[in-house]
Amino acid sequence: MAGLLTEASAPGTTARERTRRSRLLRLVLARAAGSVAVLWGAVTVAFLLIQLMPGSTVDVLLARSSVTPRVRAEITAQYHLDDPLFIQYLSYLGRIARGDFGDSYVLRQPVWDAVGAQLPDTLALIAATLLVTAAGSVVLAVLGANRRRWVQSLFAGVESLVVALPPFWLGLLLLTVFSFTLHWFPTVGASGLGGLVLPTLALAAAPTAVVAQVLREGLLRALDEPFVTTARARGIGELALRVRHVLRHALLPATTLMGWIAGSLIGGSVIIEIVFSRQGVGRLVLSAVQDKDMPVVIAVVLLAATVFVVVNIVVDVLQWLIDPRTRGTGRPA
Amino acid sequence: MTRPRIGLWLGLAVLAVLAAMAAFPGLFTGVDPDAANVNALLRPPGGGHWLGTDQNGRDLYARIVYGARPSLLIGAGAVALALVGGTLVGVAAAQLGRVADQIISRLLDVVLSVPGLLLVFLVVAVLGPGSSTATIGLAVVSLPGFARVARAEVISLRGRAYVEAAYGFGWSRPQVVLRHVLPNALGPVLALATVSLGAMIVASSSLSFVGLGPRPPTAEWGAMLAGSREFLALAWWPAAFPGAAITLAVLAITTVGRHLQRTVDGSTV
């Protein structure tokens, strides 16, 4: 409430706007610096993991085919596997910083090309899922924010059930019903819009239920606030009240949650892509894991970590925009 | 007040049955879960087979009963490892001074920066697929959560009168931590363990589903679902029942876990 007042009483005074902007900039810079440190740590851990891996890199490269020691030595030299560990680490850091993840051991092509080819399909699935999650949870929460006891337990019950469903099982059920029985959607690996519907539903169900739950509880809390009575006294409709006034208060914990969900979807999409035999990073990384194709695995993991970290910065900025109360300090309250 | 109670008792009952299945599967069925029968492929539920048979003619009910152990053990093992490891790390961060705290907290940030399932993939890629590596991978993923909760609890207990009093009696730091701090910090950690057990069981079944868990022909719920995938057009039951078993287990665990968490939250305030 106090925040809304300060906003209203700030008619675009340039000085104030400038401090606002510089505060936001400082927040973003502080978060970015922290994130670079975390990613540096992740790269270091990745490098150490490769060193600790049972079986040498040369063995993986040769894929168990027997060769003369001379060929072996050539490969060792070619991949700089005989350099001191620290030199290897530095050159590894340098290459990663330039976005060069090396060549896939198995596919014999630059990792970046392999990942890049699969990325659009996965991003489409994740984007569609986030969209459905955001829209679906808001609708469900606005509908379910009702004081009546049976409405409460109905929504709570359905939410717990949906959260407990393993997404890949939901995918199988959707396939059985809508593809194999009703023939509404393609069964395997179609990359059109029709092929996106069922995977999106399977992936979005659990996060939608979780976000809806948090939103609904937030709405119910906000409905007790005095400003609701004020708005009602002004004769506002029930739906407009919820969408325009109450939702903003409930949105804060939900945004944090959405950030976390966006990150976890990168992992979740892998499984769903397998269920629906979709093209995507999931299939790529899964076969890389089975073949111990470390450059590919590490590239995907680091890519996901980067996305995760960027999403978290975006969430912080969003919170800053949604809730004026978090603007005083660098940290959200 | 009655409603949540009914849920709690139902949840506990389901957990008891599942635990019994995992411990003594022979009590629930006399059928061999791995016995293939080419004359009874993909038989629908009913008749001699309660829940039907799978693509190899194996009895689905028997496989679900025998599948309880591998399906629940990976998740439970991962949570147990993460609980012990995370608590140790958290207590260390809270007790070993600011430098150690900073180092540990930043390392946990690094682990948390990678989306869970991908981190498990990384561990499995390094160690090779299988039940034990899946357990270790899932434990690595959930360890930071336990460490953070344990650290926060220990720090919040630092100034309490009985802790100060124990030091006053001349007790050494390990003694105080072991006898007074740890037992009081354990409530929230255990509540987190129950709640994350459900998520871990889903995650471990996902791993088996994509072939990174126990190898076939092990009767594991996720692996059973993977086998059912190619026969979806012919039969729904091999895909339906193992998944229902996972859902029921997770639902029961979450219900009990939520109740536990509420109790712990209520008692610490």
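The table for this structure:
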read-out	value
Some residue of the stretch A:271-291 being in contact with a Lys or Arg (Cβ under 7 Å, 6 or more places away or on another chain), farther than 24 Å from residue B:107 by Cβ and free of Cβ contacts under 8 Å to residues at least 24 places away in the same chain	no
Within the stretch B:221-241, tally of residues that are more than 17 Å from the chain's Cα centre (by Cα), in a helix (DSSP H, G or I) and of a type outside the set (Gly, Ala, Ser)	8
Unmet requirement for residue A:33, which otherwise passes all of (1) modelled with pLDDT of 65 or more; (2) within 30 Å of residue A:101 (Cα to Cα); (3) more than 14 Å from chain B (Cβ to nearest Cβ)	(3)
Condition broken by residue B:57, with the remaining ones in (1) touching a residue at least 60 places away in the same chain (Cβ under 8 Å); (2) within 24 Å of residue B:208 (Cβ to Cβ); (3) assigned to a loop (DSSP other than H, G, I, E, B) satisfied	(1)
Qualifying residue in the stretch B:24-36 (condition: in contact (Cβ under 8 Å) with a residue 60 or more places away in the chain and in a loop (DSSP other than H, G, I, E, B))	yes
Yes/no for residue B:205 being in a helix (DSSP H, G or I) and under 23 Å from residue B:109 (Cα atoms)	no
Which numbered condition residue B:146 fails, given (1) surrounded by fewer than 16 Cβ atoms within 10 Å (Cβ to Cβ); (2) aromatic (Phe, Trp, Tyr); (3) at pLDDT 90 or above	(1)
Restricting the stretch A:280-290 to residues that are facing chain B (nearest Cβ under 9 Å) and not hydrophobic (A, V, I, L, M, F, W, C), the residue that is nearest to the chain's Cα centre (by Cα)	A:282
Helices (runs of 4 or more DSSP H) wholly inside the stretch A:86-174 containing at least 1 residues that are over 26 Å from the mean Cα position of the chain (by Cα)	A:111-144, A:149-164
Residue within the stretch B:75-87 that is in contact (Cβ under 8 Å) with a residue 40 or more places away in the chain, assigned to a helix (DSSP H, G or I), under 23 Å from residue A:290 (Cβ atoms) and away from every other protein chain (no Cβ under 14 Å) present	yes
Residue within the stretch B:134-143 that is more than 13 Å from chain A (Cβ to nearest Cβ) and more than 19 Å from the chain's Cα centre (by Cα) present	no
Every residue from the stretch B:43-54 that is crowded, with 18+ Cβ neighbours inside 10 Å and assigned to a loop (DSSP other than H, G, I, E, B)	B:43, B:51, B:52, B:54
Residue among A:262, A:204 that alone is within 12 Å of another protein chain (Cβ to nearest Cβ) and under 30 Å from residue A:173 (Cβ atoms)	A:262
Conditions (1) at pLDDT below 85; (2) within 14 Å of another protein chain (Cβ to nearest Cβ); number of the one not met by residue B:163	(2)
Test result for residue A:257, more than 9 Å from chain B (Cβ to nearest Cβ), surrounded by fewer than 19 Cβ atoms within 10 Å (Cβ to Cβ) and assigned to a helix (DSSP H, G or I)	no
Qualifying position, being away from every other protein chain (no Cβ under 14 Å), at pLDDT 85 or above and either more than 25 Å from residue A:266 (Cβ to Cβ) or surrounded by 14 or more Cβ atoms within 10 Å (Cβ to Cβ) (or both), among A:88, A:118	A:118
Filter result for the condition that a residue is within 24 Å of residue A:137 (Cα to Cα), crowded, with 19+ Cβ neighbours inside 10 Å, among the aliphatic types (A, V, I, L, M) and out of contact with any strand residue (DSSP E or B) (no Cβ under 8 Å at 6 or more places or on another chain), over A:247, A:284	A:247
Index of the failed condition, residue A:247 passing every other in (1) under 30 Å from residue B:228 (Cβ atoms); (2) touching a residue at least 40 places away in the same chain (Cβ under 8 Å)	(1)
Close pairs (6 angstrom Cβ cut-off, 6 or more residues apart or separate chains): away from chain A (no Cβ under 12 Å) in the stretch B:211-234, outside any loop (DSSP other than H, G, I, E, B) and of a type in the set (Phe, Trp, Tyr) anywhere	B:219/B:66
From the options B:77, B:52, B:47, B:7, residue that is of a type outside the set (D, E, K, R) and closer than 28 Å to residue B:150 by Cα	B:77
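Residues are listed down the side, and each one gets a yes or a no for (1) under 15 Å from residue B:248 (Cα atoms); (2) at pLDDT 85 or above:
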position	(1), (2)
B:1	no, no
B:6	no, no
B:12	yes, yes
B:24	no, yes
B:27	no, yes
B:38	no, no
B:48	no, no
B:53	no, no
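Residue-by-condition table, conditions (1) over 34 Å from the mean Cα position of the chain (by Cα); (2) outside any helix (DSSP H, G or I); (3) of a type outside the set (Asp, Glu):
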residue: A:214; (1), (2), (3): no, no, yes
residue: A:217; (1), (2), (3): no, no, no
residue: A:220; (1), (2), (3): no, no, yes
residue: A:231; (1), (2), (3): yes, no, yes
residue: A:236; (1), (2), (3): yes, yes, yes
residue: A:240; (1), (2), (3): no, no, yes
residue: A:251; (1), (2), (3): no, no, yes
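The values are calculated or read from the model by the stated rules, or taken from the named source; none is laboratory data. Note that the structure is predicted; figures quoted are calculated from it, not measured. FYI the Cβ positions are ideal-geometry reconstructions off the backbone, even for glycines, and counts take in every protein chain you see.
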